[in-house]
1. Which of the residues that make up the stretch 62-94 are assigned to a strand (DSSP E or B) and either open to solvent by less than 90 Å² (accessible area, probe 1.4 Å) or of a type in the set (Ser, Thr, Tyr) (or both)?
2. Take Cys54 and decide whether it is over 17 Å from the mean Cα position of the chain (by Cα) and open to solvent by less than 60 Å² (accessible area, probe 1.4 Å).
3. Determine if the stretch 40-61 includes at least one residue that is modelled with pLDDT of 95 or more and part of a helix (DSSP H, G or I).
4. In the stretch 101-111, is there at least one residue being closer than 20 Å to Gln20 by Cα, among the hydroxyl-bearing types (Ser, Thr, Tyr) and in contact with a helix residue (DSSP H, G or I) (Cβ under 9 Å, 6 or more places away or on another chain)?
5. Could you give every pair whose Cβ atoms fall below 9 Å, whose first residue belongs to the stretch 92-107 and is farther than 17 Å from Ile62 by Cβ and touching a residue at least 12 places away in the same chain (Cβ under 8 Å), and whose second residue is open to solvent by 100 Å² or more (accessible area, probe 1.4 Å) and outside any helix (DSSP H, G or I), counting only separations of at least 6 or pairs across chains?
6. Can you pull out every residue in the stretch 16-45 that is over 13 Å from the mean Cα position of the chain (by Cα) and of a type in the set (Val, Ile, Thr)?
7. Quickly run through the stretch 28-51 and pick out the residues that are open to solvent by less than 70 Å² (accessible area, probe 1.4 Å) and in contact (Cβ under 8 Å) with a residue 24 or more places away in the chain.
8. Specify the residue that is farthest from Cys9 (Cα to Cα); the eligible residues are those in the stretch 62-94 that are at pLDDT 95 or above and touching a Leu at 6+ places or on another chain (Cβ under 7 Å).
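The values are calculated or read from the model by the stated rules, or taken from the named source; none is laboratory data. No experiment lies behind these values; they were computed from the predicted model shown. Note that we place each Cβ from the backbone using ideal geometry, even for glycine, and neighbour counts take in every protein chain shown. Heavy atoms of the whole protein, side chains included, go into the accessibility calculation; ligands, DNA and RNA do not. Shrake-Rupley method; radii C 1.70, N 1.55, O 1.52, S 1.80 Å.
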Amino acid sequence: DEDRMSKACIIMTTVGSEEQAISIAEELVHKKLSACVNIIPAVRSIYFWKDEVCNDEELLLIIKSVPEKFEEIHATIGELHSYDLPECISLDLNEGCPEYLDWIIRTVTSPEEATD
């Protein structure tokens with residue numbers, strides 16, 4: 001249903017190493033902040049930072065979650081990330097396979113607490 005579909009989102013961040021990508025992804029899934037994190041290697045990022053154009057190879061994390069988890073995801077990324085200003089942006093999922101979106105929502109909002 002449309003109300004349920006509007007509750008899923010994708011949050012993205014980039015990192016400079018596979019080790020950091022795995023660390024962040026595992027922590028987000030372990031804490032039930034994300035149902036799934038895809039790690040896409042060999043992303044070329046060209047960006048403006050500290051008065052210069054940078055050109056770096058990074059990894060992209062695609063984090064499946066719900067908007068109400070954004071602040072905790074942002075805080076977790078901030079704790080584990082090596083960058084001064086890590087990317088953390090959220091995109092609402094307006095459409096998708098209803099069963100898949102429902103799985104995302106159920107995974108991150110079920111009443112069972114994540115284990116430490």
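1. Ile62, Ile63, Lys64, Ser65, Ile89, Ser90, Leu91
2. Values: over 17 Å from the mean Cα position of the chain (by Cα): yes; open to solvent by less than 60 Å² (accessible area, probe 1.4 Å): yes.
It is true that Cys54 is over 17 Å from the mean Cα position of the chain (by Cα) and open to solvent by less than 60 Å² (accessible area, probe 1.4 Å).
3. no
4. There is no residue in the stretch 101-111 that is closer than 20 Å to Gln20 by Cα, among the hydroxyl-bearing types (Ser, Thr, Tyr) and in contact with a helix residue (DSSP H, G or I) (Cβ under 9 Å, 6 or more places away or on another chain).
5. Pro98/Asp1
6. Of everything in the stretch 16-45, just one residue is over 13 Å from the mean Cα position of the chain (by Cα) and of a type in the set (Val, Ile, Thr), namely Val43.
7. Leu28, Lys31, Lys32, Leu33, Ser34, Ala35, Cys36, Val37, Asn38, Val43, Ser45
8. Among residues in the stretch 62-94 that are at pLDDT 95 or above and touching a Leu at 6+ places or on another chain (Cβ under 7 Å), the one farthest from Cys9 (Cα to Cα) is Thr76.
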